[in-house]
Amino acid sequence: MKKLVKKGSGIVLILIAICWFLIHSLTIYPSPQTTLIASATKVGAVVLSQDDKNAITCYQPSLTTKDITQNHLRLLVWNLHKGLDKGWQQALTDYGELADFVLLQEATSEQQLPILLPNLSNQLFATPFAYRGVHSGVALLTKFTPQSYCSASVAEPWIRFPKASISSLYPLANGQSLLVISAHLINFELIPDAYQQQLQQLSQQVKWHTGPVILAGDFNAWSEERTKLLRDMAQQLGLVEVKFEPDYRVRFNQHPLDYVFVRGMNVIQAKTEENKASDHNPLLLELSFQ
């Protein structure tokens, strides 16, 4: 009996030690740590506005902007699986060389994106947490200079690791602005309350905007209920769901997880490619302004 008690005490101590290590190795930020890198240099920004109800913070960078004058835009949307899979660097470099915008989910500070994609000199990174010093989150990379940008996050109800979104405005030659959002939505939740909260964050940002919109990312829409909530939001905002051909988007319960929605834009081409460099396949699009 004494041996069993000692063994049980030892297991409890081990579990306590593991929990202590995990807690002290994890840093969760009340609002995402948001960074803009331009030409491999961090750029300062001031808080432009804060929506306390929806936990959205927007920033004004100290940069001079130029209008987007080209009519066609090429996009890459991809969940990078934190760079855990072999060959992701070469794949991202190949795709990124041809893109005007790269929207990433599960990006990390270890991936050294400014070095991998120097042609996309304006790089936004929103990280809601860090584990053992490695920051994880969403990224938005482009050659265009942002007018302003916003970030938001919601904590996963079970595991507490937050999911985030990053959005940015880019001036157009016609006096309007293009809104681009890279989003990664709540996953581990049966009743989608936190999921709806994050959809509300995205909805609010689109409502603020009157020009063209690109909303894309990993929406974790793995159930009929989640898919309906997502599509209902898109319909209310006048967003059009992009269809892919061929469509190799990763699926769970037969539901695709990755989506792209647009407003005020034409879809010239939208395809996916099978690629083992991540547990998600990349989405490749060519769009034009209406």
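The values are calculated or read from the model by the stated rules, or taken from the named source; none is laboratory data. Here the structure is a predicted model, which means the values were calculated and not measured. Here the Cβ positions follow ideal geometry from the backbone for every residue, glycine too, while neighbour counts run over all protein chains shown. Heavy atoms of the whole protein, side chains included, go into the accessibility calculation; ligands, DNA and RNA do not. Shrake-Rupley method; radii C 1.70, N 1.55, O 1.52, S 1.80 Å.
The stretch between residue 134 and residue 243 holds 35.8 nm of extra length on full extension. This uses 0.36 nm per residue minus the Cα-Cα distance. Full extension of the chain between residue 276 and residue 236 gives 10.8 nm of extra length, using 0.36 nm per residue less the Cα-Cα distance. Between 69, 57, 93, the Gaussian network model of the chain with springs among Cα atoms under 10 angstrom shows the greatest mean-square fluctuation at 69. With the convex hull drawn around the C-alpha atoms of the chain, the volume per residue stands at 151 Å³.
Only sites in a loop by DSSP and with at most 15 other Cβ atoms within 10 Å count here; which trypsin sites (Lys or Arg not before Pro) in the stretch 189-269 make the cut? Answer in residue order: 243. For a paramagnetic label modelled on residue 94 (point 7 Å from Cα along Cα→Cβ), amide N atoms under 20 Å away belong, within the stretch 250-285, to 250, 270-285.
Ligands, DNA and RNA are left out, and with a 1.4 angstrom probe the accessible area of the stretch 142-234 is 34 Å² per residue. Build a GNM of the chain with springs between Cα atoms under 10 Å apart, and of 123, 254, 111 the one that fluctuates most is 254.
The mean sequence separation of alpha-carbon pairs under 8 Å and at least six residues apart, normalised by the residue count of the stretch 179-290, gives a relative contact order of 24 percent. Between the helical axis of 88-97 and the dominant principal axis of the chain, each derived from Cα atoms, what acute angle in degrees is found, rounded to the nearest 10? Compared with the principal axis, the helix lies near 10 degrees.
For residue 172 and residue 252, the difference between the fully extended length at 0.36 nm per residue and the C-alpha to C-alpha distance is 25.0 nm.
Taking the centroid of alpha carbons for each part, the stretch 171-187 and the stretch 99-143 are 16 Å apart. Per the 1.4 Å probe, what fraction of the accessible area of the stretch 62-165, in percent, lies on carbon and sulfur atoms? Reported share for carbon and sulfur atoms: 52 percent. GNM on the chain, alpha-carbon springs under 10 angstrom: the most fluctuating residue among 108, 145, 41 is 41.
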